[in-house]
1. What spacing in nm lies between the two simple spin-label points modelled at residue 293 and residue 171, each 7 Å away from Cα in the Cβ direction?
2. Determine the order of 256, 329 by accessible area, beginning with the largest, at a probe radius of 1.4 Å.
3. To the nearest 0.05, what FRET efficiency results for residue 226 and residue 341 with a Förster distance of 41 Å applied to their C-beta separation?
4. Hey, what did the stretch 313-363 get for relative contact order, percent, Cα under 8 Å, at least 6 apart?
5. What pairs from 188/343; 103/296; 201/343; 344/419 go past 31 Å between their alpha carbons?
6. Roughly to the nearest percent, how much of the accessible area of the stretch 375-458 is carbon and sulfur, given a 1.4 Å probe?
7. Heads up, I need the accessible area for residue 162: 1.4 angstrom probe, whole protein in place, Å², nearest 10.
8. If you project the alpha carbons of the stretch 444-517 onto their three principal axes, what span does each projection cover, largest first, in Å?
Amino acid sequence: MNTKSLKLLVFLFILNSITLYLYFSSHPDYFRRHRTTQDTPHSLPQFHSSFSDRTHLVSLSNSNKPWPILPSYLPWSLTPNTPFRSCEAYFGNGFTRRVDLLKPSPQINRKVSNGGGGWFRCFYSQTLRSSICEGGKMRMHPDKIKMSTGGEVLESVIGRGEEEELPEFEFGAFDLEVGEKSKSDGKKLASEDFLNEYMQKGEISRHTMRDLIDSIQLVGANEFECSEWIEEPTLLITRFEYANMFHTVTDWYSAYVSSRVTGLPNRPQLVFVDGHCMTQLEETWKAVFSGLRYAKNFSGPVCFRHAILSPLGYETAMFKGLSENIDCYGAYAHDLWQKPDDKKTARISEFGEMIRAAFALPLHKQQHSSKSGYNVLFVRREDYLAHPRHGGKVQSRLSNEQQVFDAIKNWSLSHAECKINVVNGLFGHMAMKEQVRAIQDASVIVGAHGAGLTHIVSASPEAEILEMVASEFRRPHFALISQWRGLNYHPIYLSGSHATPSLVIHKLRGIFKTLGC
């Protein structure tokens with residue numbers, strides 16, 4: 001083992017030890033499970049005080065997947081000192097304003113798993129203008145949610161409208177348990193003022209998480225009956241553009257951040273509160289998290305010991321960066337640990353490693369060299385049936401894609417300075433694990449502007465990105481992800497949708513010169 005690898009392993013061990021120490025020192029009741037619920041705002045910030053404020057979150061059994069050890073992981077400390085619009089506020093620890101809508105009823109020495117009433121609170125990010133919310137003893141009534149069943153085979157629901165797949169909530173579609181003789185029994189959990197301040201619509205025409213919270217009713221313990229209890233922490237998620245890789249990555253990221261912000265000790269379960277059919281992208285949902293069900297697949301009222309409401313993907317920095325300036329740059333976690341910088345982030349790298357770890361792919365790969373060879377991954381755009389309203393034909397972003405691919409292939413065969421392997425990235429015919437593997441093994445990732453390039457969140461730290469940008473699609477998606485990852489990005493701006501092969505080869509030659517070829 002060389003000195004660099006040994007130093008990295010020692011750093012990761014120390015970082016993990018510190019993280020565990022901070023976690024358990026701020027959660028002293030984790031193993032006791034019997035204690036009075038009270039806030040201790042002077043030990044930690046109010047919204048994440050001592051674990052005595054969170055004993056109701058502990059499940060008596062937890063079969064959820066553990067979190068993997070990630071090289072780019074930094075503690076999710078949730079301090080109120082995160083600067084407004086800093087990189088950490090955009091990509092992680094910006095949910096610093098806590099609002100309690102329903103506090104658990106205090107009971108001395110109550111059992112964690114079944115004592116006391118429900119509770120609900122939100123953590124608001126002024127930077128993202130979004131909230132992560134969580135509640136305990138929360139019940140869902142699938143029959144009060146109007147939408148299609150969801151999870152069907154795509155071919156069986158061809159032609160189904162999107163309006164049928166998005167949820168409409170009756171009042172009482174969700175409810176929370178309150179005390180036996182509570183005056184709030186039958187009332188709404190959230191006021192209009194609360195929703196307008198902490199669950200802002202923004203430019204989202206149909207804010208399903210806001211609508212879900214608006215439907216929550218408070219009910220007495222004598223009325224709180226369930227056909228099924230889910231003991232494990234569970235994320236409730238509504239997806240919109242669920243078949244699009246870029247938008248799904250924003251949903252994955254939002255779910256990941258929600259899990260970390262709420263301090264979950266293991267990876268949560270998922271419930272899709274939408275009626276979308278199955279897609280290939282569910283492979284990653286299932287790999288990253290601990291289990292997946294659709295809301296309409298439950299036969300009766302289902303109760304959650306601990307439910308977390310993940311913000312819409314539209315509210316993440318990855319989407320907001322398309323319309324507002326997020327001046328952040330990728331950096332190594334080791335460097336940020338030693339010297340924090342409000343203009344730098346390792347959170348997107350951490351997230352990409354989470355995806356790779358979920359598929360059991362190695363996080364420490366030997367770097368390519370002139371002897372072992374370099375992989376050039378060409379991400380192709382293929383015709384495929386994406387969703388019930390899709391015709392099966394993708395819009396061309398590169399009219400001479402095959403010609404460009406053939407030119408790169410021919411150039412690689414005549415490149416004598418070092419070995420170059422050109423990989424045909426036919427992602428439409430590859431399992432998600434194989435797509436991620438191809439991305440992480442690539443030294444250079446080439447492609448026309450398209451959602452498949454979003455995979456660069458999982459690329460190696462040394463990967464070079466070459467994007468061919470058609471005149472109709474001059475959007476900053478992949479330039480931004482590259483910037484936030486700290487990857488070198490090389491655009492080729494086309495006058496139309498036709499790329500000159502010789503120009504692409506010229507760009508590749510320049511990239512490989514920097515690699516020593």
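1. 2.8 nm
2. Details: 256 0, 329 105 Å².
Accessible-area ranking of 256, 329, largest first: 329, 256.
3. Numbers: r = 48 Å, r/R0 = 1.17.
Efficiency at R0 = 41 Å is approximately 0.30.
4. Working: 29 pairs, mean separation 12.5, N = 51.
Averaging sequence separation for qualifying contacts and normalising by length gives 24 percent for the stretch 313-363.
5. Values: 188/343 41 Å; 103/296 29 Å; 201/343 28 Å; 344/419 34 Å.
Result: 188/343; 344/419 exceed 31 Å.
6. Numbers: 1620 of 3320 Å².
That fraction is 49 percent.
7. 70 Å²
8. That works out to 31, 26, 16 Å along the principal axes.
The values are calculated or read from the model by the stated rules, or taken from the named source; none is laboratory data. All values derive from a computational prediction rather than experimental measurement. All Cβ positions, even for glycine, are placed from backbone atoms using ideal geometry, and neighbour counts span all protein chains on display. Note: areas computed on protein heavy atoms with side chains; ligands, DNA, RNA excluded. Shrake-Rupley method; radii C 1.70, N 1.55, O 1.52, S 1.80 Å.
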